[in-house]
Amino acid sequence: QVRLVESGGGLVQAGGSLRLSCAASGRTSSVLIMAWFRGAPGKEREFVAWISTSGGSTYYGDSVKGRFTISRDNAKNTVYLQMNSLKPEDTAVFYCAADPVSIILTRSVQYDYWGQGTQVTVSS
């Protein structure tokens, strides 16, 4: 079993930055691919970013390319999402996800493990 706990959400003005963190416990996080999704509770989640087990490969959704950066520190069992140039349309609950496969997964149904989410609100 894997437990994921997100933190770092909050209220920020448009154009500002936030860094989200996702701490993993349980199964060794270094064998898990990690990703960020966003959405409203109970609704389909939008893919944001994906990172390989080593951190050497990343992949982003079109709406965040060039503004968001995903990274990970396997020694700390933590994955990060640096969000710059935030827009009001980025407002959402951001979720961390993990899975023990080694391919790029962009659909929420493909992930086995989820955090509880952290709210990001961008004001105009």
In the stretch 83-105, what residues are touching a Ser or Thr at 6+ places or on another chain (Cβ under 6 Å) and farther than 11 Å from R38 by Cβ? N84, P88
Pairing a residue in the stretch 99-124 that is open to solvent by less than 80 Å² (accessible area, probe 1.4 Å) with any residue that is in a loop (DSSP other than H, G, I, E, B) and small (G, A, S), where Cβ atoms lie under 7 Å and the two sit 6 or more apart in sequence or on different chains, gives T118/G8; T118/G9; V120/G9; V122/A14; S123/A14
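The values are calculated or read from the model by the stated rules, or taken from the named source; none is laboratory data. Since the model is a prediction, treat every value here as computed from it, not as a measurement. All Cβ positions, even for glycine, are placed from backbone atoms using ideal geometry, and neighbour counts span all protein chains on display. In case anyone asks, the SASA skips ligands and DNA or RNA and just uses the protein heavy atoms, side chains included. Shrake-Rupley method; radii C 1.70, N 1.55, O 1.52, S 1.80 Å.
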